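Novice: What follows is a single structure, and I will ask about it in a moment.
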Amino acid sequence: MNLNYVSYFSENNSTEKSKDAISQILEKINYFFTKLDVPSLTYIIPIMIIVLFALSFLIGMWLRTKYVLAKVVAVGLTIVGSIAAATTLQNNERFVEYKDAIPFVITLAALGFYWLIRGILFSITITLHILMRWRRKRVDRKRNFFKKSTIRLLTGASNMVASSFGIFLFSNVLLSASTKDNSTSKASQVAVKIMTGGRGASLNGIGNFALSIYQIVTGGDKLFDDYVNNPNNKEIREKFEKVMEGFTDTLNDTNLRNIILKNVEKIPQVKELKLINNETAAEIRAKVASDEPRYALATSEKERKEIATDYIVKNISSIYDQYIQDSLDNKSKSILSNFSTNLNKDAKAAISKKFSEIIEKNVEKQNQVIDFDKVMNSMFGELEKRAKANQPTSNTEKTESEGNGATN
């Protein structure tokens with residue numbers, strides 16, 4: 001599975017044919033997850049799980065011990081196969097660039113391999129069951145009704161247990177269009193770890209990632225431009241926020257986060273991101289020197305950088321308002337504000353570090369007067385706090401906002 005879709009942004013000289021090919025691939029992924037992401041999915045999956053467990057129980061009663069053993073063998077072979085496949089792919093130089101996508105591939109491959117092995121073993125079990133029916137009838141005649149019923153119930157229950165791993169692995173694939181964390185998704189995540197020998201990754205929420213990537217790749221520039229030029233338009237705002245929410249939500253997943261971080265710099269709006277310009281850098285130096293006596297007494301550039309960074313982090317709210325905010329264009333502001341929300345602690349630290357690396361490349365060396373990583377992390381916290389504070393607090397405010405959008 002090639003998830004390096006964001007590289008589309010950097011291919012300015014690509015032919016229309018290659019662009020069409022990428023769009024077609026993403027369109028198919030988008031169509032699949034759009035169809036999969038229906039409101040009733042939350043109810044369908046638990047019902048499907050119950051039905052599959054019931055079928056497993058009945059088949060276990062019918063085919064008895066030999067099928068339970070076959071199911072255990074299928075699970076064991078799937079685990080061994082997943083570990084072997086993951087090791088092979090991770091040690092293959094051709095897949096080094098996509099090593100973060102390998103766990104997702106392993107999960108899908110594990111499901112396919114499990115179904116294949118189970119199908120083969122089911123055919124063998126059915127054949128043996130038919131061939132041995134004469135012997136089974138002779139043995140059953142010697143058993144009383146209670147003993148026969150007990151054995152059937154035990155084999156049915158045993159088959160349910162043996163089938164649970166495969167059932168929840170299958171449900172995890174269906175949950176790829178959902179970001180909700182419930183008992184079903186948690187059980188499916190455990191099944192993924194077991195069935196892949198710890199080498200796979202949960203697909204829960206990856207559909208949201210695919211949908212957002214599709215929207216950004218096929219119309220990223222227009223998406224940003226429309227939002228920046230029409231921030232009060234309800235339809236445009238909701239579309240932008242939905243795409244960005246799906247994109248930032250995936251950053252909370254370690255494997256997806258690594259894929260995004262490796263490619264995020266290829267998005268022009270991010271690649272060109274700057275935090276301060278020449279004028280802003282000079283003003284910040286003057287402000288720090290005025291308010292912090294230690295700055296003028298510092299004997300090295302490193303010491304001055306540490307003092308300036310500590311000062312800005314402590315006063316990030318006023319510094320952002322007075323200096324940083326005016327030096328950012330509207331696109332940069334929308335990127336920073338959207339990437340600062342809906343992130344857990346690890347995701348925020350990772351994206352902060354990545355953005356600081358990008359910004360440091362774009363800022364002239366003489367203006368690198370602060371530790372951008374620490375400042376970005378602090379600024380993300382401040383922007384997230386402001387985003388929460390600016391959420392509509394009354395129906396009147398919401399109505400006014402929507403009314404303004406309607407006029408645009």
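No value in this document is a laboratory result; all are computed from the given coordinates. Since this is a predicted model, take the numbers as computed values, not measurements. Glycine gets a Cβ as well: all are built from the backbone with ideal geometry, and neighbour counts include every protein chain shown.
Novice: Just how large is the dipole of the stretch 272-407 about the Cα centre, in debye to the nearest 20, putting +1 at every Lys and Arg Cβ and -1 at every Asp and Glu Cβ?
Specialist: Charge dipole, the stretch 272-407, about its Cα centre: 340 debye, nearest 20.
Novice: Show me 154-166, 279-291, 83-95 ranked by packing, highest mean number of other Cβ atoms within 10 Å first.
Specialist: 154-166, 279-291, 83-95
Novice: A further question follows. Using just the C-alpha positions of the stretch 75-167 as equal point scatterers, what log10 of I(q)/I(0) does the Debye formula give at each q in 0.14, 0.16 1/Å?
Specialist: For the stretch 75-167 at q = 0.14, 0.16 Å⁻¹, log10 I(q)/I(0) is -0.70, -0.81.
Novice: Another question, if that's okay. Say the cut-off is 27 Å between C-alpha atoms; which of 333/365; 99/239; 274/374 go over it?
Specialist: 99/239
Novice: Moving on. Greater than 25 Å separation of Cα atoms is the criterion. Which listed pairs, 262/314; 234/388; 186/345, meet it?
Specialist: Listed pairs above 25 Å: 262/314.
Novice: Further, regarding this structure: Just to confirm my numbers, what's the Cα centroid distance between the stretch 328-376 and the stretch 231-294 in Å?
Specialist: 5
Novice: Could you tell me how many cubic angstrom of Cα convex hull volume the stretch 272-407 has per residue?
Specialist: For the stretch 272-407, the hull spanned by Cα atoms encloses 127 Å³ per residue.
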